[in-house]
Amino acid sequence: MAPKSIFSNLARETDGSWSTTYAPFTLKSALQPIFRRLSDGRFDIDSFEGLVRPYQGTELVPPAQLFKQVHPDDIEAIDSILRTIHILNTGKLERSRARIFVNFHPGLFGTPAKMRQEVERMRLSAHEAGMSPDRIVCEVADNQGSETRLVADFAEHMRAMGFRVAIADYGAGDSDIERVKLIKPDYVKFEAAWVRHFMRNSAGAALLRVIVKQFASEGIEPIFEALEDEREIELCLDLGVSLMQGYALARPELAPTTFNERFPELLGSTRSSLFSAPSASASHLNAGPEPRGPKPVRTFGKRGI
């Protein structure tokens, strides 16, 4: 497919950000940082998660309201175009290392030809954004309804194309650590309510620590999300989890965001070794002001395409 057909439904806003439209909705990107705690105790933005913010006129509406109105024939196209705007808006920040996590639903692309076409779209989007494929993380829900071999084949294919893969919502439903090991993602995002349940007592915390170490032994890095206070940040450090996301650190903001001003890239820093966070207390990060524009619907910790 020619680049024109990929980008023809995009719009450039007056602030330079990218958006698109569907029916009565204008679809914008909100980006939320995923921070890495470095070996010297500082926090740096490692990645962003792309979240859709649908508007009707100037009114922000819940993403669920948008998706209820998407015609089945359009789901594949909407899924694709939202990845595109998240990638382009991340590239506009011009950070040298930050990755972007974008939702991917392998089952939507039912033939090898369709999957190849979508991979090519993502590669073109990354190129336009000035990002290497290695900085695009395809996030797949940990859904037992998804056939494990299909997801594992998808993950293997995406890694072969240079992309990275994350499993989301680990712990929701009947999560299976052996299934995750078979899929071999680069990251696992732990479901927040499940983590909080286990953190209520020392036995649960000990089990979480074992799971984190098991993933570490497979080269899979955990991400704890929906962190709401500094106590939860401290618990992450105690468990050996270096990648963190949540309102306690930074709220989502509409692109182009204020993150470069609030959290300048730490020049000369490198991503620390997996699970090497020292025992020192976490430096407090101010979550900052509310997102730019109308206050978004609180969907933090939920999947938004």
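The values are calculated or read from the model by the stated rules, or taken from the named source; none is laboratory data. Note that the structure is a prediction, hence the values are computed from the model and not measured. Reconstructed Cβ throughout: ideal geometry from the backbone, glycine too, with neighbour counts over all protein chains shown. Please note that ligands, DNA and RNA were not included when accessible areas were found on the heavy atoms of the full protein model with its side chains. Shrake-Rupley method; radii C 1.70, N 1.55, O 1.52, S 1.80 Å.
Once the C-beta distance of I177 and E228 is scaled by a Förster radius of 22 Å, the resulting FRET efficiency is 0.30 to the nearest 0.05. Remark: region 53-144 carries 42 Å² of accessible area per residue (probe radius 1.4 Å; ligands, DNA and RNA excluded). Pairs with C-alpha atoms separated by more than 26 Å, drawn from the list K114/K213; K28/K181; K68/K114; K28/K213; K68/K92, are K114/K213; K28/K181; K28/K213; K68/K92. Here the 3J(HN,Hα) profile of region 7-14, calculated from phi with Karplus coefficients 6.51, -1.76 and 1.60 at θ = phi - 60°, is 9, 5, 8, 8, 10, 9, 6, 5 Hz, Gly and Pro shown as x.
At 1.4 Å probe size, with no ligands or nucleic acids counted, give the accessible surface of L235 in Å², nearest ten. Probe radius 1.4 Å; accessible area of L235 about 50 Å².
When S217, S132 are compared by accessible surface with a 1.4 Å probe, the order from highest to lowest is S217, S132.
Near Y22, the amide H atoms lying under 5 Å from its own belong to L27; only residues 5 or more places off or on other chains count, and H is placed 1.01 Å from N. Under the classification rounded if a/c is under 1.5, otherwise prolate if a/b is larger than b/c and oblate if not, where does region 1-118 fall, given a ≥ b ≥ c as square roots of the Cα gyration tensor eigenvalues? Prolate is the answer for region 1-118, as a/c is 1.5 or above and a/b outweighs b/c. Farthest towards the positive end of the charge dipole of region 1-99, among the residues L27, T58, L38, is the Cα of L38, using unit charges on the Cβ of Lys, Arg, Asp and Glu. Rounded to the nearest 20 debye, the dipole magnitude of region 175-239 is 320 debye, with +1 charges on Lys and Arg beta carbons, -1 on Asp and Glu beta carbons, and the Cα centre as origin. Oblate is the label for region 168-258, because the ratio a/c of its alpha-carbon gyration tensor axes (a ≥ b ≥ c) is 1.5 or higher and a/b is not greater than b/c. Charged neighbours of Q32, selected by a Cβ distance under 11 Å, balance to -2 (K, R count +1; D, E count -1). Cβ-Cβ distance of R12 and S96, R₀ of 22 Å, FRET efficiency by 1/(1 + (r/R0)^6): the value works out to about 0.40.
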